[in-house]
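Below is one structure; the comments refer to it alone.
The values are calculated or read from the model by the stated rules, or taken from the named source; none is laboratory data. Note that the structure is a prediction, hence the values are computed from the model and not measured. Methodologically, a virtual Cβ is constructed for each residue, glycine included, from the backbone with ideal geometry; neighbour enumeration extends over all protein chains shown.
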Amino acid sequence: MTTAPGNPTDPTAPAPSGGGTFYVTTPIYYVNDKPHLGHVYTTMVADVVARYHRLRGDDTFFLTGVDEHAAKVSDKAAEHGKTPQEWADLNAEQFRATFEKLEMTNDDFVRTSSDHHKAKVTEYVKALIDSDDIYEGEYVGWYDAGQEEYVPENKAKDNDYKSEVNGKPLVKKSEKNYFFRLSKYVPALLEHFEANPEFVQPTARKNEIVNRIKEAKDVPISRTGSGGWGIPVPDDEEQTIYVWIDALFNYLTYVDTPDRRHYWQSGATHFIAKDILWFHASIWPALLMALQKCDGYDWVNLPKQVYSHSYWVSKAKLDTGEEAVMKMGKSTGNFLDPETLNALVETFGLDALRYFLSTQGPLGTTDSEFSEDKYIEVYNSDLANTFGNSASRVSNMIGKYFDAKTPSRQDAKKTSELSQTVSLFSLEGFDVYFSVIDLADAAAKGLWVIGQVDGYIEAKRPFTLAKDPEKLPEVGTILYNCAEALRISSVLLWPFIPDKCETFWSRIGCDYAEQMKANGGKGKIDEWVQWGQLQPGTPIEKGDALFPRYQPPKK
Ligand code: MSP
């Protein structure tokens with residue numbers, strides 16, 4: 001299997017900034033219902049990572065969207081007296097509108113009912129039938145209707161023949177099927193895992209998958225009785241392509257055009273949650289290995305990484321009446337819906353939601369519990385008391401002592417404690433944190449710079465010095481340094497809180513947002529974090545508090 005061009009062999013070794021290509025995806029979500037926080041979360045994480053790559057100057061493609069051909073979509077449609085397509089259209093629109101409202105920067109939005117996707121999937125499956133990696137047979141097994149997946153016998157038994165995800169009984173199902181020769185690809189998959197230790201992240205999840213791959217049997221890739229809801233198996237109208245196969249292919253179909261193929265070849269990064277890791281870490285790469293051998297598909301390589309996060313959890317009522325902390329989801333009813341998310345955005349602003357989800361979410365192997373108290377605490381401590389407060393303080397002083405114009409430095413060549421620390425350390429670790437998807441630490445880097453500004457102000461006390469008119473040049477230097485460090489922190493924080501950073505940029509006369517726009521969305525982080533770019537004399541606008549402190553109403 002070819003390695004994607006430009007991939008560092010050591011995933012923690014950041015590639016030089018700019019000039020790279022980056023392709024990032026999210027799962028495509030079932031449209032049986034409206035979106036909830038879980039869906040928003042993965043798309044938000046991918047959005048932050050996509051923005052970071054754009055900021056670096058990488059040619060970036062970010063894909064999210066919806067998975068339509070599931071039986072639960074047609075079942076739900078029937079309950080509502082609609083055709084599956086009508087129901088899918090309604091909910092797909094909800095997903096699209098939610099993501100748009102949350103200012104996700106996806107470059108396209110997948111609809112698996114689109115003609116392009118259907119035609120491409122048909123093409124791939126036909127090629128795989130022709131190469132005999134897909135063949136006809138009969139399947140009997142335990143089926144998890146909620147997850148739309150067959151569960152292997154040993155796993156079903158371990159869970160007392162109940163769904164691992166929602167606890168509902170599994171059903172025994174038998175059907176004539178087309179099968180994919182997954183078993184044939186077991187050695188190649190194991191080799192791939194061995195040679196690419198970063199393929200599945202976090203690493204802790206890998207062993208479980210590797211053990212399961214060792215036992216992998218061929219998998220059914222079609223079903224009957226879907227009432228025509230799905231993509232027909234080529235030359236067999238009675239069977240439709242199993243929704244999971246149809247869905248996995250979206251990552252490829254949407255970039256399988258002459259102008260987008262290079263994104264695929266750069267090595268995709270797939271963000272998913274742990275519930276769907278098996279499909280992404282086994283069946284998906286094996287399908288690609290098989291496809292690569294078919295005529296005309298030698299350009300198809302493997303994704304670079306599958307990053308599987310944990311769950312947002314919250315209290316749910318069990319059928320027994322007891323309460324338990326469970327994965328947030330539709331089937332358990334313990335989810336945050338778009339209205340609740342909107343209310344949070346109304347009160348705290350969109351950037352606060354972005355910041356909270358991306359830094360406090362279940363990125364590693366531990367689930368996160370959502371609570372409003374925590375949300376308020378993080379908002380006040382990380383946003384209001386840092387960026388918000390520091391920006392107000394510095395712009396107030398510049399307003400008061402320097403007629404709201406960027407002051408000049410006494411000696412531009414002379415370094416200060418602040419300029420030295422910030423120049424040396426602001427980018428340190430930043431790329432590595434992003435390469436290992438440690439978003440909390442990447443954001444903390446931006447906040448760290450602000451902490452330096454606050455410490456510097458406390459040490460230098462410009463507000464005291466300013467009482468002596470002879471010290472004003474010194475005050476000017478101090479405030480120049482503060483504004484400059486805040487500018488640098490805003491560049492680092494932009495992937496997380498883009499709107500407020502852009503407001504701040506416009507207040508200090510930086511045209512980075514315009515530069516990115518003019519340059520196909522690409523930024524110049526390496527250049528923008530260099531010290532000394534604010535021009536003395538540039539007007540500094542004070543404006544409203546970027547993150548006003550939140551006082552919860554008295555209960
Ligand atoms: N349609 C399939 C995915 C096909 S991808 C080729 C599917 N859809 S889903 O609507 O069930 O979405 C699952 C995804 O939504 C998870 O993998 C995760 O990204 C996100 N989440 C849904 N609930 C979640 C939580 N409670 N917590 C975190 N993420 C959650 O599976």
Only one of Ser381, Ser423, Ser395 is of a type in the set (Gly, Ala, Ser) and modelled with pLDDT under 95. Can you tell me which?
Ser423
Residue set Glu198, Glu191, Glu208; condition more than 14 Å from the ligand (Cβ to nearest atom), over 28 Å from Ala156 (Cβ atoms) and in a helix (DSSP H, G or I); output residue Glu191
Residues of segment 311-357 classified as closer than 23 Å to Tyr550 by Cα, small (Gly, Ala, Ser) and in contact with a Phe, Trp or Tyr (Cβ under 6 Å, 6 or more places away or on another chain), total:
1
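Out of Ser358, Ser395, which single residue is over 30 Å from Glu458 (Cα atoms) and either away from the ligand (no atom under 13 Å from the Cβ) or touching a residue at least 40 places away in the same chain (Cβ under 8 Å) (or both)?
Being over 30 Å from Glu458 (Cα atoms) and either away from the ligand (no atom under 13 Å from the Cβ) or touching a residue at least 40 places away in the same chain (Cβ under 8 Å) (or both) holds for just one of Ser358, Ser395, which is Ser358.
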Complete set of residues in segment 16-31 that are of a type in the set (Ser, Thr, Tyr) and either in a strand (DSSP E or B) or modelled with pLDDT of 95 or more (or both)
Thr21, Tyr23, Thr25, Thr26, Tyr29, Tyr30
Show the residue pairs that are 6+ apart or on different chains and have beta-carbon atoms under 8 Å apart, the first residue being within segment 274-302 and on the phi < 0 side of the Ramachandran plot and of a type in the set (D, E, K, R), the second being assigned to a loop (DSSP other than H, G, I, E, B) and within 16 Å of the ligand (Cβ to nearest atom).
Lys274/Ser310; Lys274/Tyr311; Asp275/Gln147; Asp275/Val165; Asp275/Tyr311
If you scan segment 207-239, which residues turn out to be touching a Phe, Trp or Tyr at 6+ places or on another chain (Cβ under 7 Å) and touching a residue at least 24 places away in the same chain (Cβ under 8 Å)?
Ile209, Arg212, Asp218, Val219, Pro220, Ile221, Ser222, Arg223, Val233, Gln239
Hits in segment 269-299 - residues which are within 18 Å of Ala195 (Cα to Cα), in contact with a helix residue (DSSP H, G or I) (Cβ under 6 Å, 6 or more places away or on another chain) and either of a type in the set (A, V, I, L, M) or within 10 Å of the ligand (Cβ to nearest atom) (or both):
Ala281, Trp284, Ala286, Met289
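Can you tell which of Lys524, Lys471, Lys554 is in contact (Cβ under 8 Å) with a residue 24 or more places away in the chain, out of contact with any His (no Cβ under 6 Å at 6 or more places or on another chain) and among the basic types (Lys, Arg)?
Residue meeting the stated conditions: Lys524.
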Selected residue (criterion: modelled with the lowest pLDDT) from residues of segment 194-207 that are surrounded by 14 or more Cβ atoms within 10 Å (Cβ to Cβ) and over 15 Å from Ile283 (Cα atoms)
Arg205
Report yes if Thr340 is surrounded by fewer than 18 Cβ atoms within 10 Å (Cβ to Cβ), β-branched (Val, Ile, Thr) and more than 26 Å from Pro202 (Cβ to Cβ), otherwise no.
yes
Ser131 vs (1) exposed (fewer than 15 other Cβ atoms within 10 Å of the Cβ); (2) closer than 22 Å to Asp235 by Cα: all pass except (1)
When segment 455-470 is checked residue by residue, the ones that are crowded, with 17+ Cβ neighbours inside 10 Å and assigned to a helix (DSSP H, G or I) are Tyr456, Ile457, Lys460, Pro462
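If you take just the helices (runs of 4 or more DSSP H) that sit entirely in segment 471-523, which of them hold at least 1 residues that are under 24 Å from the mean Cα position of the chain (by Cα) and among the small types (Gly, Ala, Ser)? Break it down stepwise before answering.
Working: elements: 472-493, 498-508, 512-518.
Here the list reads 472-493, 512-518.
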So, in segment 481-494, exactly how many residues are touching a Gly at 6+ places or on another chain (Cβ under 9 Å) and either over 17 Å from Gly388 (Cβ atoms) or of a type outside the set (Phe, Trp, Tyr) (or both)?
7
Looking at segment 55-84 only, could you name the residues that are more than 14 Å from the ligand (Cβ to nearest atom) and without any contact (Cβ under 8 Å) to a residue 60 or more places away in the chain?
Phe62, Asp75, Ala77, Ala78, Glu79, His80, Gly81, Lys82, Thr83
Any hit, segment 33-54, residues being more than 22 Å from Thr359 (Cα to Cα) and surrounded by 23 or more Cβ atoms within 10 Å (Cβ to Cβ):
no
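For segment 315-340: of the residues being among the small types (Gly, Ala, Ser) and modelled with pLDDT under 85, which is farthest from the ligand (Cβ to nearest atom)? Explain how you work it out, then say what you get.
Start the filter on segment 315-340 by keeping residues that are among the small types (Gly, Ala, Ser), which leaves 316, 321, 324, 329, 331, 333.
Right, trim to modelled with pLDDT under 85 and you get 316, 321, 329, 331, 333.
Working: Ala316: 11, Gly321: 22, Gly329: 5, Ser331: 10, Gly333: 12 Å.
Applying the filter and picking the extreme gives Gly321.
Applying the selection to segment 91-102, what residues are in contact (Cβ under 8 Å) with a residue 40 or more places away in the chain and either surrounded by fewer than 15 Cβ atoms within 10 Å (Cβ to Cβ) or closer than 19 Å to Trp284 by Cβ (or both)?
Let us first name the residues in segment 91-102 that are in contact (Cβ under 8 Å) with a residue 40 or more places away in the chain, namely 91-92, 94-95, 98-99, 101-102.
Answer for segment 91-102, where residues must be in contact (Cβ under 8 Å) with a residue 40 or more places away in the chain and either surrounded by fewer than 15 Cβ atoms within 10 Å (Cβ to Cβ) or closer than 19 Å to Trp284 by Cβ (or both): just Lys101.
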Return yes or no: is Ala343 more than 14 Å from the ligand (Cβ to nearest atom), modelled with pLDDT under 95 and assigned to a helix (DSSP H, G or I)?
yes
